[in-house]
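J.: The following block contains the structure, expressed as structure tokens.
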Amino acid sequence: MKKNKPFIITVLILSIVIMSTIFALSSPTVENIYEISVIVPNSSNNMWNRFESGVREAMDNENVIVNIVNTTDMETLADQKNLIDKEIRNGTDGLIVEFISSNDTEKVVDDIVSRTNLLLLNTKCAMYDIDLKKVDTVTLDDELIATTLTSQLFDQVGRDLRFKRVGILANNVDQYNMKKRLNTVEDILDHAGAKIDWIVSGSSSEMEEQLKFVDIPNYMIGLNSVSLDSGIDFAKKYNIPLYGIGGSDQNVNALDEGIIQSMLVPDVFMMGYNSVQLMVQRIKFPHERKEKIIDFYTINKENMFSKQNESILFPIGD
Amino acid sequence: MSEHKTFKDKFDDTCNFKSISIQGLMLISFTVVSAVIVFVLEIIFYKFFSIQSAQTIIQSTKQVTSQTTTNLEDYLQQMRQLSDTLYYNSIKEIDISNATCETEMNMLYEANKDKLISFALFSEDGKLIAASPNADLKDDVDVKTQQWFLDAVSEVENLHFSLPHVQNLFDDSSIRYNWVISLSRSVSLNDHGKMCEGVLLVDMNYSYIEQILNSVNTDNTNFYTYLIDGSGAVIYHPKQMLINSGDYKENNMKAALYKDGLHNEEFEGENRNVVVDTVGYTGWKLVAVSSANPSIYENRVRYIVILLVAVTFLILMFINRFISRFVSRPLYVLAESISGLSQGSKKGLEILPGATSEVKHLGEVIHFYEQSNERLVHDIVKEQDEKRKSELDALQAQINPHFLYNTLDSIVWMIEEGGKQKDAVFMITELASLFRLSLSKGKTIITIADEIKHGKNYMNIQAVRFKNHFIYDFDIPEEIEKYCTVKLIVQPILENAIYYGVKNMDEDGEIHVKGWKENDDIYITVSDNGFGIPEDYLKTILSDTEHKKAHGSGVGLINVHKRIQLRFGEQYGISIASELDEGTCVTIHIPAVPYTEENQKALEEGTYFEKE
Amino acid sequence: MRKVLCGLLTVMLFLTGCKEKIIEEKQKIRIGISYYDSYDPFIMELSSRIEKQLNECENVIVKSVDSEKSQSTQNRQVSDMLSDSYDVICVNLVDRTAPKKIISMAEDSNVPVIFFNRELVSQDLESWTRLYYVGADAGESGKMQGEIVSDYIKEHPEVDKNQDGKIQYIILEGETGHQDAIVRTDVSIQTISDAGIVLDKLSFAIANWNRSQACTKTKQLLSKFNTNIELILANNDEMAIGAIQALTETGIAKEQWPIVIGIDGTEDGLEQVKEGNMIGTVYNDGIKQADAIADLSIALAKNESLDSFNLKNGRYIRSPYQKVTIENVDDYLKLLQ
């Protein structure tokens, strides 16, 4: 028997190798595909189309399926929390979230982080007291974008806005980024001497409703796509120059028609692309917090068909 | 002697400690050879398939590229034909001031609406003359500044294809924006009979081209294709969005300089094979990129290869084991049975039926030698037996009671007769000497001197008994006295000489004993002048073992002859010459072996002659 | 030794089996929707309602894709969905005469298909048992349109501007070769004729269901026929609105306008009815259809019984059209809020 020992050992090793190879071959390759869920407000609004294109591009490169959850009925943070829970229950590998409200989100963040991976959109980690080592963010530089926005107004109208009245549409002032933009704009306009006549906020139907009762200002500012959308009819009707931050189809159309004078368009495509990439990186190799700032472009009627701006406003393909 | 063991010694020690079996050796060598072959083949196949697969990919790339280029050319040609048809069959025929080409435009549009976005005809100052399907221009559009317009008027003889761009012309209620490639040309218009210039614009549906190239890219995973114009500007690229934002780099500017066909380039650290095909008329280039080092070992393939290697190896191992066992087992069994034999087992030699020819041959040879050996042993044993028997016989003969009685009788008579005391003493002394020499302390090999003395003793006694019936003498030179001989060879011959030779003679019988040395031989003859031995008797005397004599010692010449032969070899012994009535001469022939303790011992044990 | 080997083998096989079970549990229901054009408002309303309904269910993933009016793109999208193991696919065909590729791919993968809104011929639909159609009866819409028109004309004889006893009309058609367009056109005209009204066809135009194309075509026809046009029939609301746009832009006085009528009952269309620019429209119950598609797809994915759906011929779900005129337009506007 001793003579047989090396033989039997070799046979055993080879059998193990064969078994495990067959095992590896027969396992479906689906295992390694990660699932990521995206929960952002107004998911069916076409302003997220470019985000989706960016997501799809990232999906091509990595082995990942991204599910953009339908949030048409999501109105409060509690609603969002429910959707988040549902996705975690369904076994998602990571969550990309833009909070519908930035009030009292610490607990929610804590909860999510304990159960799965998290990436936050359009918010700054600095506002949280808790340890956000485990959360990535992809965001715009809200201060910068708001400043640029007002400077667009100054470019066209001059820096002296005394006796000028400005109306502001701010879709969701509960959100951190909206708050930041609003505060920055208010500050700068104050300095320029302008009077903030009114600020409407809420969902698009709420804002449209409020618009029925406001005075006609000299200028209007919409702080995101939804805000701009809601203000287009009003601005068109009363010929009020409208400025804003956006990029949805209606925004672009209004820009083309001259209703919107100048629009800052964030590169939402890259927002989608980068957030999926970061999330996949995190799932594979948990890392320290990473923050990515997305670019934006200043576009108006004259330059909207330039080669660069064309690709931002009208992404090729779907 | 060095106490230090040399390395070689130590090595030998370890080797001896685990000496390797044939099976083990075969197994190891087969395994090593298999492993080497498998790995070498692996590497060869890897290299071969790597090259082959790169080649195959290049082939399919070329094929697909050429097919796609043809598709694109067809599409572009169709569009050119549309432009031509509209121009030559409609626009040229009318006076735009009072007729319209809208009907034809609408028809052509409807027939090709999946590939087109729109037609439009402009005057040279940018006014819209006709358009389909939508004729509402945007208010603030100045077509004169748009690239397609500029291209058309700058080169009036050609058709111009633009780079992809968003159409900025019509007021479309559905807020849809279309990516188009503008095909524009300068046209001659008839306005109120006057000739003037205009531009005919066919806006092609970019997504048509996009879909063609998208499906090529999704259908083929080994390479991707992109489309550039003559100057290298990207018309289509699967990663277009990322290129725009700078996250992805492409070697399109270089590719624009490549001639059609296969090129190898190094880009971003990767070695790639690039196939370029030009799309006719436009100067566009279709570029297909594949990796020059295709990794054929993506996971699945890697696993399959490992599986094949492992299974082959496993099978080989089993085969190796089987073969090596097959070969070595008969040897093993043979070896076992040989060692069994040497330990006295009765089993005999085992040759397995499946043994190879060499093993069989070995077995047969061993068998033969074993049998020879047995026979030899048998012979030796037999020889020893015979020796012992003859010596015993000889010895026995010496203690023959008859001789003793007779001699003692003689002695008694001598004593009784009186006056013959001296003779009696002589007889007794001789007898004692005779017996003492007979025994020779149990030795079989004695000196010739002692043997002759023994013979003399005997003759002296017999002479007295036979009352000097005969005379005798011993002629033995001193030099041969110190040589070896077998005891009790002379006396029996003397006895024969007396009883058969001279005893019944009336006249004086004579017995002469003579000895001499001749080179390495010693001869002792006993000759008498007696009756002789008849011829036919002479022949059988030395061969017939049954022939025993009742007289005297009774041992006979055969016994002497045999003992000499047994002790010294067959070339020695006695020979008899005889003539009736004349006499007999018996010659003893033995080798001249000086009597030393060594030689004596060797001859006793029978090992003397082995030295030679 | 051999026993150890056998033991190892058994353990390995068990592991393989366990792994597969774990993967199964993680699977959700995947439903795919492919529509022919994202710029068709009716289709978009339909799709978003389907998505909304499906998202309210647990464990369901919905994915909608735009085929951008290309049948080959749609075929590819369906093929992708099938290889991603979608459980049910809802298809709004680009080319109703070319469903064969989709049907054969679905049959090979044994994945049921719900066609909706753009109807294929019955032979194609019946070529495999797991094909379904949800939509409305085009003939019914044509009939209702005809009835609204004939009722209106009978009540408003001033429609016949030149009082020649005939109604001069133009018709804006959807697409060449499109089933709905053909049926709506033919049945509508037939219904009006059957009501005893004499029609005089001035012209027709193909406007691809599109508002601005209809506007352009109407303008072209207006420049040809001017105010002689007494009735504009449109296969859908978008084209009717385009015609109204053309009328507005050419500056014709409202009293001279022909009567305009469309089909679908989109929000914009209803607005036009309310404002009196359209004499009416025929409401296509997209809500009911969307709900039916959502429910049917869940039932198919879960392999439940389809008895509760009352499928005609085992495959068809048709929601009835409803007439909309100025009298009841408000009710429908409320529905769409």
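J.: State the extension gain, in nm to one decimal, for the chain segment bounded by B:GLU374 and B:GLN343, taking 0.36 nm per residue of separation less the distance between their alpha-carbons.
T.: Details: separation 31, 0.36 × 31 = 11.16 nm, distance 1.41 nm.
Extending this stretch completely gives an extra 9.8 nm.
J.: Would you kindly state how much longer the chain becomes between B:TYR248 and B:PHE609 on full extension, computed as 0.36 nm times their sequence separation minus their alpha carbon distance, in nm to one decimal?
T.: Numbers: separation 361, 0.36 × 361 = 129.96 nm, distance 10.33 nm.
Computed gain between B:TYR248 and B:PHE609 is 119.6 nm.
J.: For the residue pair B:ASN264 and B:LYS387, what label-to-label distance in nm results when each label sits 7 Å from Cα along the Cα-to-beta-carbon direction?
T.: Here the modelled spin labels are 9.0 nm apart.
J.: Could you work out, for segment C:80-138, what percent of all Cα-Cα pairs fall into each 5 Å distance bin, beginning at 0 Å and stopping at the bin that holds the largest distance?
T.: Result, from short to long distances: 4, 19, 35, 25, 13, 3, 1 percent.
J.: State which entries of B:LYS420/B:LYS467; B:LYS115/B:LYS259; C:LYS154/C:LYS254; B:LYS453/B:LYS482; C:LYS143/C:LYS166 exceed 24 angstrom in Cα-Cα distance in the structure shown.
T.: Values: B:LYS420/B:LYS467 13 Å; B:LYS115/B:LYS259 30 Å; C:LYS154/C:LYS254 20 Å; B:LYS453/B:LYS482 13 Å; C:LYS143/C:LYS166 20 Å.
In this structure, B:LYS115/B:LYS259 lie more than 24 Å apart at Cα.
J.: Step by step: find N for segment B:53-97, compute 2.2 N^0.38 Å, then divide the Cα radius of gyration by it. What's the final number?
T.: Against the compact-globule rule of thumb, the ratio is 2.04.
J.: Also, I was wondering about something else. What lysines does B:LYS144 reach when the alpha-carbon gap must be under 19 Å and sequence neighbours fewer than 8 apart in one chain are set aside?
T.: List returned: A:LYS301, A:LYS307, B:LYS127.
J.: Now a separate question. Say R0 is 56 Å: what FRET efficiency, to the nearest 0.05, do A:THR298 and B:PHE39 get from their beta-carbon distance? Write down the numbers at each step before the final one.
T.: Numbers: r = 63 Å, r/R0 = 1.13.
Once rounded, the FRET efficiency stands at 0.35.
J.: Among B:ILE489, B:ILE37, what is the fewest-to-most ranking by other Cβ atoms within 10 Å? If you can, show how the numbers build up before the last one.
T.: On the way: B:ILE489 26, B:ILE37 12.
Fewest-to-most Cβ neighbours within 10 Å comes out as B:ILE37, B:ILE489.
J.: From the Cα gyration tensor of chain A, with a ≥ b ≥ c the square roots of its eigenvalues, which class applies: rounded if a/c is under 1.5, or else prolate if a/b is larger than b/c, or else oblate?
T.: On the way: a/c = 2.95, a/b = 2.43, b/c = 1.22.
Prolate shape, in that a/c is at least 1.5 and a/b is the bigger ratio.
J.: Now a separate question. Using the alpha carbon gyration tensor of segment A:37-148, what are the three equivalent-ellipsoid semi-axes (square root of 5 times each eigenvalue), largest first, in whole Å?
T.: Working: eigenvalues 78, 72, 47 Å².
Rounded to whole Å, the semi-axes are 20, 19, 15.
J.: Evaluate the charge dipole of chain B about its Cα centre and quote only its size in Debye, nearest 20, assuming +1 on the Cβ of each Lys and Arg and -1 on the Cβ of each Asp and Glu. Each step should come with its number before you reach the end.
T.: Numbers: 57 positive and 87 negative charges, 342 e Å.
Computed about the Cα centre, the dipole is about 1640 debye.
J.: Name all residues of segment B:266-295 having a backbone nitrogen under 20 Å from the label point set 7 Å from the Cα of B:TYR46 along its Cα→Cβ direction, giving them as ranges.
T.: Counting only backbone N, you get B:271, B:291-295.
J.: A further question on this structure: Which whole DSSP H helices in chain C pass both tests: a Cα extent of 15 Å or more along the axis and a mean Kyte-Doolittle value no lower than 1.0? Spell out each step's value before the answer.
T.: On the way: long enough: C:2-25 (36 Å, 0.72); C:41-55 (21 Å, -0.29); C:71-83 (18 Å, -1.17); C:138-155 (26 Å, -0.69); C:179-194 (22 Å, -0.08); C:211-225 (20 Å, -0.77); C:237-249 (18 Å, 0.38); C:286-301 (22 Å, 0.91).
Span-like helices, by this rule, are absent here.
J.: What's the average, rounded to a whole number, of partner chain beta-carbon atoms within 10 Å of each residue's beta-carbon in B:235-248?
T.: Details: counts 0, 2, 1, 3, 3, 5, 14, 7, 1, 10, 10, 2, 5, 2.
Counting other chains' Cβ atoms within 10 Å and averaging over B:235-248 gives 5.
J.: Separate question: Rounded, prolate or oblate: which fits segment A:142-264, taking a ≥ b ≥ c as square roots of the Cα gyration tensor eigenvalues, rounded meaning a/c under 1.5, else prolate when a/b beats b/c?
T.: On the way: a/c = 1.24, a/b = 1.16, b/c = 1.07.
Rounded.
J.: Per residue of C:36-48, how many C-beta atoms from partner chains lie within 10 Å of its own C-beta, taken as a mean? Present the calculation step by step, with values, prior to reporting the outcome.
T.: On the way: counts 0, 2, 6, 6, 1, 1, 0, 0, 2, 0, 0, 1, 3.
Partner Cβ neighbours, averaged per residue: 2.
J.: Per residue, how big is the convex hull around the C-alpha atoms of the protein assembly as shown? Give it to me in cubic angstrom, could you?
T.: Details: hull volume 430.7 nm³, N = 1267.
Residue-normalised Cα hull volume stands at 340 Å³.
J.: Turning to a different aspect of this structure: Can you give the FRET efficiency to the nearest 0.05 for A:SER20 and A:ASP187, using r as the Cβ-Cβ distance and R₀ = 51 Å? All intermediate terms of the calculation are to be shown ahead of the outcome.
T.: Details: r = 65 Å, r/R0 = 1.27.
Computed FRET efficiency for A:SER20 and A:ASP187: 0.20.
J.: Take every DSSP beta bridge whose two residues both sit in segment B:87-207, then give the antiparallel share in percent to the nearest 5. The partial results should precede the final answer.
T.: Numbers: 29 of 30 bridges.
Of all bridge pairs located within segment B:87-207, approximately 95 percent are antiparallel.
J.: Give me B:CYS101, B:CYS196, C:CYS90, B:CYS585 sorted ascending by neighbouring Cβ count inside 10 Å, so fewest comes first.
T.: B:CYS196, B:CYS585, B:CYS101, C:CYS90
J.: Which shape class, rounded, prolate or oblate, goes with segment C:173-264 when its Cα gyration tensor gives a ≥ b ≥ c as root eigenvalues, a/c under 1.5 marks rounded, and past that a/b bigger than b/c marks prolate?
T.: oblate
J.: Once the dipole of the protein assembly as shown is set up with Lys and Arg at +1 and Asp and Glu at -1 on Cβ about the Cα centre, which of B:ASN529, B:PHE470, A:PHE23 lies farthest towards its positive end?
T.: Result: B:PHE470.
J.: Once R0 is set to 45 Å, what does the formula 1/(1 + (r/R0)^6) return for the Cβ-Cβ distance between B:GLU507 and B:GLU597, expressed as a FRET efficiency to the nearest 0.05? Mind dumping the intermediate values first?
T.: Values: r = 47 Å, r/R0 = 1.04.
According to the calculation, E is roughly 0.45.
J.: Let me confirm one metric for peptide B:210-220, namely the mean number of other chain beta-carbon atoms within 10 Å of its residues' beta-carbons.
T.: Numbers: counts 6, 6, 1, 0, 4, 4, 0, 0, 4, 1, 0.
Mean number of neighbouring Cβ atoms from other chains: 2.
J.: Continuing with the same structure: Identify, among B:VAL156, C:SER109, C:ILE241, the residue whose Cα sits farthest towards the positive end of the charge dipole of the protein assembly as shown, taking +1 on the Cβ of Lys and Arg and -1 on the Cβ of Asp and Glu, with the dipole about the Cα centre.
T.: Of B:VAL156, C:SER109, C:ILE241, it is C:SER109.
J.: Between B:ILE22 and B:PHE426, what is 0.36 nm times their sequence separation minus the Cα-Cα distance? Round to one decimal in nm.
T.: On the way: separation 404, 0.36 × 404 = 145.44 nm, distance 7.92 nm.
Taking B:ILE22 through B:PHE426 to full extension adds about 137.5 nm, to one decimal.
J.: Need one number: nm distance between label points at B:ASP95 and B:ARG325, each 7 Å from Cα along Cα→Cβ, rounded to one decimal.
T.: 10.9 nm
J.: Placing +1 on the Cβ of each Lys and Arg and -1 on the Cβ of each Asp and Glu in segment C:264-312, which of C:ILE298, C:THR281, C:SER308 has its Cα farthest towards the positive end of the resulting dipole?
T.: Result: C:SER308, furthest along the dipole toward the positive end.
J.: Relative to the first principal axis of the alpha-carbon coordinates of chain A, what is the inclination of helix A:77-89, with its axis defined by its Cα atoms, in degrees from 0 to 90 and to the nearest 10?
T.: The angle comes out at about 20 degrees.
J.: Taking the number of other C-beta atoms within 10 Å as the exposure measure, put B:PHE45, A:PHE7, B:PHE313 in order starting with the fewest. Please list the in-between numbers first.
T.: Working: B:PHE45 13, A:PHE7 16, B:PHE313 20.
Final ranking by Cβ density, sparse to dense: B:PHE45, A:PHE7, B:PHE313.
J.: Oh, and also: 222 nm [θ] for chain C, helices only, -39500 (n - 2.57) per DSSP H run of 4+, per residue, to 500? Show your work: numbers first, answer last.
T.: Working: 12 runs with 159 residues, N = 337.
When only DSSP H runs of four or more count, the value is -15000 deg cm²/dmol.
J.: Can you tell me the alpha carbon radius of gyration of chain B divided by the globular rule-of-thumb value 2.2 N^0.38 Å?
T.: Against the compact-globule rule of thumb, the ratio is 2.58.
J.: Helix-only estimate, please: 222 nm mean residue ellipticity of chain B, summing -39500 (n - 2.57) across DSSP H runs of length 4 or more and dividing by its residues, to the nearest 500.
T.: On the way: 16 runs with 298 residues, N = 612.
Counting only the DSSP helices, I get -16500 deg cm²/dmol.
J.: Now, a different point. Hey, what angle do you get for helix B:102-112 against the long axis of chain B, alpha-carbon based, 0 to 90 degrees rounded to 10?
T.: Long axis of B:102-112 versus the principal axis of chain B: about 10 degrees.
J.: What nm value, rounded to one decimal, do you get for the distance between A:ASP110 and C:ASP194 when each label is placed 7 Å out toward the C-beta?
T.: 7.2 nm
J.: Against the longest principal axis of chain B, how steep is helix B:357-398, in degrees 0 to 90 to the nearest 10, with axes from Cα atoms?
T.: 10 degrees
No value in this document is a laboratory result; all are computed from the given coordinates. Being a predicted model, the structure only gives us computed values, none of them experimental. Virtual Cβ from ideal backbone geometry, glycine too; neighbours counted across all protein chains shown.
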